[in-house]
Amino acid sequence: MTLAFGEIIRVFAINGGEIKIAGMPLTAGVLGISGIDAPYFPGAGTLNQLHLRPWYWIAFALVLITLFVNLRVRDSRLGRAWVALREDEVAAVSMGIPLVKTKLLAYSLGAAFGGIAGAFLGSYTTLVDADQFQFGFSVFVLAMVIVGGLGSIWVSCSARCCLPTSTTS
């Protein structure tokens, strides 16, 4: 369902130039959104596409913030409710977990992180185009989720932390 919805939005963004509201096209069609300004940071100035180090550090900071928030939410009451709903929705609802509110919180948190990532991508590439998000890209992301598995970040971190650093014989 999610893959189909993503494809519908992509086709709608491409064909939205033909839909007129008050004489103005709804979207720019195949042109997308171009000329996106680079972010400005006080003290650091405007970022440049030719210097990749600041972009790397921003992406690294975003990954760390995402990991921190996800780990904190996973260990909270909301995270336990999400796990309960994932395992058995009927049992979770019968135990008193509000189904609609909990699912809406999951969607809103995912949308917030998706919006932050999209803003970063748009400012880095200075262009947002529907051709960037074709069906093959959605399948690629789905394959990453399937191959990575649930909780793979925590499992890989804990496995590395528990390994012995040296062997003595």
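The values are calculated or read from the model by the stated rules, or taken from the named source; none is laboratory data. These numbers were taken from a predicted model, which means no experiment stands behind them. Cβ atoms come from the backbone with ideal geometry, glycine included; neighbour counts cover every protein chain shown. SASA here: full protein model, heavy atoms, side chains in, ligands and nucleic acids out. Shrake-Rupley method; radii C 1.70, N 1.55, O 1.52, S 1.80 Å.
Given the Cα-Cα distance of residue 147 and residue 50 and 0.36 nm per residue of separation, how much length would full extension add, in nm? Provide the component values of the computation, followed by the final result.
Details: separation 97, 0.36 × 97 = 34.92 nm, distance 3.35 nm.
Roughly 31.6 nm would be gained on extension.
Can you tell me which of 130, 44, 111 moves the most in a GNM of the chain? Springs connect C-alpha atoms under 10 Å apart.
Highest fluctuation among the options: 44.
Protein chains only, probe 1.4 Å: how do 65, 19, 146 rank by accessible area, largest first? Working shown, then result.
Numbers: 65 95, 19 70, 146 120 Å².
Largest accessible area first, the list is 146, 65, 19.
Using only the Cα atoms of the chain, build the gyration tensor, take square roots of its eigenvalues as a ≥ b ≥ c, and label the shape rounded, prolate or oblate: rounded if a/c is under 1.5, else prolate if a/b is larger than b/c, else oblate.
On the way: a/c = 2.12, a/b = 1.28, b/c = 1.66.
Oblate, because a/c is 1.5 or more while a/b does not exceed b/c.
For the chain, give the percent of accessible area contributed by carbon and sulfur heavy atoms, probe 1.4 Å, rounded to a whole number. Walk me through the numbers before you get to the answer.
Details: 9040 of 12800 Å².
Roughly 71 percent, rounded to a whole number.
On a 1.4 Å probe surface of the protein chains, which of 2, 102, 46 comes out largest in accessible area, and what is the full order? Walk me through the numbers before you get to the answer.
Details: 2 115, 102 5, 46 90 Å².
Of 2, 102, 46, the descending order of accessible area is 2, 46, 102.
Can you tell me which of 53, 74, 86 moves the most in a GNM of the chain? Springs connect C-alpha atoms under 10 Å apart.
Of the options given, 86 has the highest mean-square fluctuation.
Counting only heavy atoms of protein chains, what accessible area per residue, in Å², does the chain have with a probe of 1.4 Å?
Values: 12800 Å² over 169 residues.
It amounts to 76 Å² per residue over the chain.
Work out the FRET efficiency for residue 127 and residue 76 from their Cβ-Cβ distance, taking R0 = 41 Å, and round it to the nearest 0.05. All intermediate terms of the calculation are to be shown ahead of the outcome.
Numbers: r = 38 Å, r/R0 = 0.92.
Computed FRET efficiency for residue 127 and residue 76: 0.60.
Divide by every residue of the chain the summed helix terms, -39500 (n - 2.57) for each DSSP H run of at least 4, and state the resulting mean residue ellipticity at 222 nm, rounded to the nearest 500 deg cm²/dmol.
Details: 7 runs with 106 residues, N = 169.
Estimated from H runs of four or more residues: -20500 deg cm²/dmol.
Any idea what angle helix 77-87 forms with the longest principal axis of the chain, computed on alpha-carbon atoms, 0 to 90 degrees, nearest 10?
90 degrees
Rank 105, 121, 50 by mean-square fluctuation in a GNM of the chain with C-alpha springs under 10 angstrom and give only the top-ranked residue.
Highest fluctuation among the options: 50.
Given a Förster distance of 41 Å, report the FRET efficiency between residue 119 and residue 94 from their Cβ-Cβ distance, rounded to the nearest 0.05. Write down the numbers at each step before the final one.
Values: r = 40 Å, r/R0 = 0.98.
The pair residue 119/residue 94 has a calculated efficiency of 0.55.
Rounded to whole Hz and in sequence order, give me ³J(HN,Hα) for region 113-126 from the Karplus expression 6.51 cos²θ - 1.76 cosθ + 1.60, θ = phi - 60°, writing x for Gly and Pro.
Whole-Hz 3J(HN,Hα) from phi for region 113-126: 5, x, x, 5, 5, x, 5, 5, 4, x, 6, 6, 8, 6.
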